[in-house]
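Below is one structure; the comments refer to it alone.
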Amino acid sequence: QVQLVESGGGLVQAGASLRLSCAASGRTLSRYTMGWFRQAPGKEREFVATIKWSGTSTGYADSVKGRFAISRDNAKNTVYLQMNSLKPEDTAVYYCAARMGGLESAILSAYDYWGQGTQVTVSS
């Protein structure tokens, strides 16, 4: 069992940056492919970014490509999402998720464990 806890969300103005963290307990993350997803009010949860268990490959949604960066520190059992040039449309609850091994994935159902989420609000 893997427990995931997100942190780092907040209220910022458009153009600002935030770094989200996802800390894991229960198991080492080094064998888990990780993903970040987000859900805005009234919308379905959507893919944001993913990183392979080895850290050698990443993937991003087109809407965040070039602005967001996913990384991991397996020694700290933590995954990060650096978000730059934030826009009001980035406002959502951000969730991290873990899947055992495998390739990076943009599909929600591919992930086995989910955190509770952290709110990111970007004002215009």
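The values are calculated or read from the model by the stated rules, or taken from the named source; none is laboratory data. The shown structure was predicted, so the numbers you read here are calculated from the model rather than taken from an experiment. Note: ideal-geometry Cβ built from the backbone for every residue, glycine included; neighbour counts use all protein chains shown. Just so you know, the surface numbers come from the protein's heavy atoms only, side chains and all, with ligands and any DNA or RNA stripped out. Shrake-Rupley method; radii C 1.70, N 1.55, O 1.52, S 1.80 Å.
Quick one: E89 ticks every box in (1) part of a helix (DSSP H, G or I); (2) closer than 20 Å to A110 by Cα except a single one, so which number is it?
Here E89 meets the rest and fails (2).
Of the residues T50, T78, which single one is more than 14 Å from V93 (Cα to Cα), touching a Gly at 6+ places or on another chain (Cβ under 8 Å) and open to solvent by less than 50 Å² (accessible area, probe 1.4 Å)? Even if it seems obvious, please write down each step before you answer.
Working: T78 fails: touching a Gly at 6+ places or on another chain (Cβ under 8 Å).
Of T50, T78, the one residue that is more than 14 Å from V93 (Cα to Cα), touching a Gly at 6+ places or on another chain (Cβ under 8 Å) and open to solvent by less than 50 Å² (accessible area, probe 1.4 Å) is T50.
Given the condition touching a residue at least 40 places away in the same chain (Cβ under 8 Å), surrounded by 15 or more Cβ atoms within 10 Å (Cβ to Cβ) and of a type in the set (A, V, I, L, M, F, W, C), answer yes or no: does some residue in segment 61-69 qualify? Please lay out each step first, then the result.
Let us first name the residues in segment 61-69 that are touching a residue at least 40 places away in the same chain (Cβ under 8 Å), namely 61.
Subset that is surrounded by 15 or more Cβ atoms within 10 Å (Cβ to Cβ): 61.
Checking the rest, the ones that are also of a type in the set (A, V, I, L, M, F, W, C) come to 61.
So far as segment 61-69 goes, yes, one or more of its residues are touching a residue at least 40 places away in the same chain (Cβ under 8 Å), surrounded by 15 or more Cβ atoms within 10 Å (Cβ to Cβ) and of a type in the set (A, V, I, L, M, F, W, C).
Would you confirm whether any residue within segment 90-102 is open to solvent by 60 Å² or more (accessible area, probe 1.4 Å) and of a type in the set (G, A, S)?
Looking for residues that are open to solvent by 60 Å² or more (accessible area, probe 1.4 Å) and of a type in the set (G, A, S), one finds none in segment 90-102, hence no.
Starting from segment 101-115, keep only residues that are at pLDDT 90 or above, then list their pairs with residues that are polar (S, T, N, Q) and open to solvent by 60 Å² or more (accessible area, probe 1.4 Å) whose Cβ atoms are within a distance under 8 Å, requiring at least 6 positions of separation or different chains.
Listed pairs, sorted by first residue: Y113/Q1; Y113/Q3.
Name the single residue that is surrounded by the most Cβ atoms within 10 Å (Cβ to Cβ) among those in segment 1-47 being under 16 Å from the mean Cα position of the chain (by Cα), of a type in the set (G, A, S) and closer than 26 Å to G66 by Cβ.
So the residue we want is G35.
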